[in-house]
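S.K.: Have a look at this one.
The values are calculated or read from the model by the stated rules, or taken from the named source; none is laboratory data. Here the structure is a predicted model, which is why all the values come from computation and not from measurement. Virtual Cβ from ideal backbone geometry, glycine too; neighbours counted across all protein chains shown.
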Amino acid sequence: MGNYQIIATAAMGLEALVAKEVRSLGYECEVENGKVIYSGDESAIARSNLWLRTADRIKIKVGEFKAYTFDELFEKTKALPWEKFLPEDAEFPVIGKSVKSKLFSVSDCQAIVKKAVVERMKKYYKRNSWFEENGAFYRIEIALLKDVATITIDASGQGLHKRGYRIDQGEAPLKETLAAALVMLTNWKADSPFIDPFCGSGTIPIEAAMIGQNIAPGFNREFVSEGWNWISSKVWDDARMEAEDLAKYDQPIDITGTDIDHRMVKIAQENAIEAGFADILQFKQMQVRDISTSKEYGVIVGNPPYGERLGEKKAVEQMYKEMGQAFGKLETWSIYILTSNEEFEQFYGKPATKKRKLFNGFIRTDLYQYWGKKPPRQNEMMK
């Protein structure tokens, strides 16, 4: 088994959650803006891809160095042990980005990194000709930040939010990674009721069900690194076997998704079937003002319309008021609402217990948290 520098990339504001997940897999890590860095073997690469719910991608760090000139970028890239990662027939496109660096031409940086890798590979594999690149896929990235070059290989392929269950979606779907984060930021446990009053295509309820039954989010998909010759199929088989063993398929869960649009309810049901939760999740067409329940100590997580489109603002503000009136009756429930509307508390009619800044794509939002009363036993324990 080798030892690799692994990077789990994260959306802004989710780094701490990703780090918590990495540590729960048994790996010590460091947190930086947009990424969590840790060391591990081939098994760590497979397990990270399978288990991390809130990370965007898993990357292998090949090298990091300062580069102020193209010559420096070429020579330092060429000095890296590319033969350790790339077989002779590897397909290895290079992508790049540059922020606040002297080497600001991304296309030039990509071309130079590509040339340097080829030169290193030619020497190692004793070739004079170009490489056919008809084998396994290794996407290399050159990322420059303040003249520091970080070179990585993407070990995920499609982003980790692509769980494989979303057959259809609405106009502004919530990324699966953010949906999982919203659930994980609550106090919800699998034995408590859960409601998403704006379920859309069902992403939050499905992610909650996967969390409640401890199902690895990457269990039903493939990853590009499964085709790499230095990660054996046994590593992947063992990682999937572990995921199968840890899943709690018999854990009963009480999760309901509602939406005003009957078409979205149908899409949510279809996605739930694809995810394997056909008989577990309930979806209903309902307006938020009509939500009521006699159940106690549950959690509501919602991503309502933000009212950013022209003409929607007034209707959305009215809906926030109705939400506050409906949810205000649920004293033992904890409510978590994600919106970019900075006046949300005013319309909802109550200041939040806590707010947390998050990004839904490029939209800056707040997660407004209203904590409900604790069960009597918890109150006694806290005295």
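S.K.: Kindly evaluate Thr150 against the criterion of being among the hydroxyl-bearing types (Ser, Thr, Tyr), assigned by TED's automatic domain parsing to the domain that holds Asn360 and surrounded by fewer than 22 Cβ atoms within 10 Å (Cβ to Cβ).
M.R.: For Thr150, the condition - among the hydroxyl-bearing types (Ser, Thr, Tyr), assigned by TED's automatic domain parsing to the domain that holds Asn360 and surrounded by fewer than 22 Cβ atoms within 10 Å (Cβ to Cβ) - is not met.
S.K.: Also: Exactly one condition in (1) surrounded by 14 or more Cβ atoms within 10 Å (Cβ to Cβ); (2) more than 25 Å from the chain's Cα centre (by Cα) is not met by Ile140; state its number.
M.R.: (2)
S.K.: So, one more: Looking at Ala46, is it surrounded by fewer than 16 Cβ atoms within 10 Å (Cβ to Cβ) and in the same structural domain as Lys59 (by TED's automatic domain parsing)?
M.R.: Against the criterion (surrounded by fewer than 16 Cβ atoms within 10 Å (Cβ to Cβ) and in the same structural domain as Lys59 (by TED's automatic domain parsing)), Ala46 does not qualify.
S.K.: Assess whether Val183 counts as being outside the structural domain of Arg356 (by TED's automatic domain parsing), aliphatic (A, V, I, L, M) and at pLDDT 95 or above.
M.R.: no
S.K.: While we're looking at this one, here's another question. Can you pull out every residue in the stretch 24-37 that is of a type outside the set (Asp, Glu) and over 23 Å from Phe359 (Cβ atoms)?
M.R.: Answer for the stretch 24-37, where residues must be of a type outside the set (Asp, Glu) and over 23 Å from Phe359 (Cβ atoms): Ser24, Leu25, Gly26, Tyr27.
S.K.: Could you list, in sequence order, all residues of the stretch 253-303 that are closer than 17 Å to Leu330 by Cα, in a loop (DSSP other than H, G, I, E, B) and touching a residue at least 12 places away in the same chain (Cβ under 8 Å)?
M.R.: If the condition is that a residue be closer than 17 Å to Leu330 by Cα, in a loop (DSSP other than H, G, I, E, B) and touching a residue at least 12 places away in the same chain (Cβ under 8 Å), then Gln287, Ile291, Ser292, Thr293, Lys295, Glu296, Tyr297, Gly298 are the ones that fit.
S.K.: So which residues in the stretch 335-349 are on the phi < 0 side of the Ramachandran plot and free of Cβ contacts under 8 Å to residues at least 40 places away in the same chain?
M.R.: Result: Ile335, Ile337, Thr339, Ser340, Asn341, Glu342, Glu343, Phe344, Glu345, Gln346, Phe347, Tyr348.
Conditions (1) closer than 20 Å to Pro173 by Cα; (2) at pLDDT below 95; (3) surrounded by 16 or more Cβ atoms within 10 Å (Cβ to Cβ), marked per residue:
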{"position": "Asn303", "(1), (2), (3)": "yes, no, yes"}
{"position": "Gly311", "(1), (2), (3)": "no, yes, no"}
{"position": "Glu322", "(1), (2), (3)": "no, no, yes"}
{"position": "Ile337", "(1), (2), (3)": "yes, no, yes"}
{"position": "Glu345", "(1), (2), (3)": "no, no, yes"}
{"position": "Lys350", "(1), (2), (3)": "no, no, no"}
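S.K.: Any residue at all in the stretch 25-44 that's within 21 Å of Ile142 (Cα to Cα) and touching a Ser or Thr at 6+ places or on another chain (Cβ under 7 Å)?
M.R.: yes
S.K.: Name the residue, out of Gly2, Gly40, that is touching a Phe, Trp or Tyr at 6+ places or on another chain (Cβ under 9 Å), small (Gly, Ala, Ser), closer than 24 Å to Asn229 by Cβ and free of Cβ contacts under 8 Å to residues at least 40 places away in the same chain.
M.R.: After ruling out the rest, the residue left standing is Gly40.
S.K.: With respect to Gly164, determine if the residue is within 28 Å of Asn49 (Cβ to Cβ), surrounded by 17 or more Cβ atoms within 10 Å (Cβ to Cβ) and either under 30 Å from the mean Cα position of the chain (by Cα) or assigned by TED's automatic domain parsing to the domain that holds Arg263 (or both).
M.R.: No, not satisfied.
S.K.: For residues that are among the charged types (D, E, K, R) and touching a Lys or Arg at 6+ places or on another chain (Cβ under 9 Å), scanning just the stretch 57-86, find the one that is surrounded by the most Cβ atoms within 10 Å (Cβ to Cβ).
M.R.: The selected residue is Lys59.
S.K.: Is it true that Ala243 is under 29 Å from Ile167 (Cβ atoms), part of a loop (DSSP other than H, G, I, E, B) and aliphatic (A, V, I, L, M)?
M.R.: Answer is no for this residue.
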